[in-house]
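Below you'll find the structure, written out as structure tokens, and then a few comments.
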Amino acid sequence: MGFSRRHFCLGVGVLGLSACAAPGLMTRGATGPAPLPDDLRPVPNAGYDAWVASFRSRATGQGISEATYASAFRSAGFLPGVITRDRDQPESSRTLEDYLSIAVSDERVAKGRQAHARQGPVLAALESRYGVDATIITAIWGLESFYGERRGDVPVISAVSTLAYDGRRGSFFESQLIAALRILQNGDITPERMTGSWAGAMGHTQFIPTSFLSHAVDFNGDGRRDIWSDDPSDSLASTASYLARSGWTRGTRWGGEVGSGAAGGSIIQPQAGGPRFAVTGNFRAIKRYNNSDLYAIGVGHLADRIGGGGPLRGGFPPDANGLTKADRIALQQRLTARGFDTGGADGVIGNKSRTAISAYQASIGQQPTGVPSLALLRSFG
């Protein structure tokens, strides 16, 4: 395949917290799909309609039948929210410490161990067939969709056709649209059930359409590669297939923290002053799934924790505001106790925490900057 989902989601990849924007790095408390917001529902758009009509000949010229095209677009439409999200993907400087606080949270570890046990026979079969560690497959599942709880409910044909029509990355999304139409034509799924993220990443492990065509597997033998089913078997098998074809070496670890007995390999230190990691070729295979050191470390460390391993030994330095993770957690806890909702106390200062800080600052007569500090923490007494 020519693109990883890092290229697909552009920039936000592992740095955001939504289904596509962070290849599945779901926030804490993900318990099921929320109703689609209004801006992710089709609205009339004459320009889009004309584009869909003109694209028909290009699609049929690439082997898509008239019947498939008509069926795919029968209920499809222009989604304004897809354009908004595509154009509003902020670059982030999230640290490894913050990333791991979310990616390897206690909740994600606990759910991962349950999911690993629940899918034990399937994962064992996949490990035997493809050589990819069962815990690695489980960890990717956990980062991509919170073990299937957040697979995305946006109609894929509407999403990728809207992005193709918009034209900012027109040729790329046209290729995704053709691939999605081929999936429908092959009978793997119906247009109604072909749902995913706002940018078209699909299923338990968030495959883009071209990746699906290249790597998806019919593991349960029902004649369809159904990564949308509540049964994750085909999705997990597809992920194992992807990693195996990306150079995964059977019997070799991804790497690990230096000093933890990790296999030898290249040494990386993604965050200055933080832990160092020895990584192998399998680390690079994970990066073929998402081209980010943070993502690959998140997958590897979550896999280790799912397999019974402990937290990282090394610590992280204070952040740019002079706060340690313990300080940030304490600040969130104190804000929450005063009625300022931070969305939880995980030590990650995101939008909700900054909003809470601003509201608290205003309440005590300070300029509402939303910036955490030791002085602010001490103001609680």
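Only helices (runs of 4 or more DSSP H) whose full extent lies in the stretch 53-115 are considered here, and the ones with at least 1 residues that are within 19 Å of the chain's Cα centre (by Cα) and modelled with pLDDT under 95 are 80-87. For residue 344, indicate whether it is assigned to a loop (DSSP other than H, G, I, E, B), surrounded by 14 or more Cβ atoms within 10 Å (Cβ to Cβ) and touching a residue at least 24 places away in the same chain (Cβ under 8 Å). Answer is yes for this residue.
Within the stretch 224-260, the set of residues being under 18 Å from residue 126 (Cα atoms) and more than 23 Å from the chain's Cα centre (by Cα) comprises 224, 249, 250, 251, 252. Looking at residue 220, is it within 19 Å of residue 143 (Cα to Cα) and open to solvent by 10 Å² or more (accessible area, probe 1.4 Å)? Here the answer is no, as residue 220 does not meet what is asked.
When 337, 356, 303 are checked against the criterion of being open to solvent by 70 Å² or more (accessible area, probe 1.4 Å) and at pLDDT 95 or above, 337 stands alone in meeting it. Taking residue 263 as the residue in question, decide whether it is over 27 Å from residue 123 (Cα atoms), surrounded by fewer than 20 Cβ atoms within 10 Å (Cβ to Cβ) and not charged (D, E, K, R). Answer is no for this residue. Being on the phi < 0 side of the Ramachandran plot, out of contact with any helix residue (DSSP H, G or I) (no Cβ under 8 Å at 6 or more places or on another chain) and crowded, with 16+ Cβ neighbours inside 10 Å is a description that does not apply to residue 252.
Do we find that residue 280 is among the hydroxyl-bearing types (Ser, Thr, Tyr), within 21 Å of residue 305 (Cα to Cα), open to solvent by less than 50 Å² (accessible area, probe 1.4 Å) and modelled with pLDDT of 95 or more in this structure?
yes
Is it fair to say residue 322 is in contact (Cβ under 8 Å) with a residue 24 or more places away in the chain, small (Gly, Ala, Ser) and on the phi > 0 side of the Ramachandran plot? In short, yes.
Hey, can you tell me all the residues within the stretch 62-76 that are open to solvent by 70 Å² or more (accessible area, probe 1.4 Å), small (Gly, Ala, Ser) and more than 13 Å from residue 156 (Cα to Cα)? Step through it out loud before you land on a result.
Filtering the stretch 62-76 for residues open to solvent by 70 Å² or more (accessible area, probe 1.4 Å) gives 62, 66-67, 74-75.
Now restrict to residues that are small (Gly, Ala, Ser): 67, 75.
The one that is open to solvent by 70 Å² or more (accessible area, probe 1.4 Å), small (Gly, Ala, Ser) and more than 13 Å from residue 156 (Cα to Cα): 67.
The values are calculated or read from the model by the stated rules, or taken from the named source; none is laboratory data. Model, not experiment: these values are computed from the prediction. Glycine gets a Cβ as well: all are built from the backbone with ideal geometry, and neighbour counts include every protein chain shown. Ligands, DNA and RNA are excluded from the accessible area calculation, which covers all protein heavy atoms including side chains. Shrake-Rupley method; radii C 1.70, N 1.55, O 1.52, S 1.80 Å.
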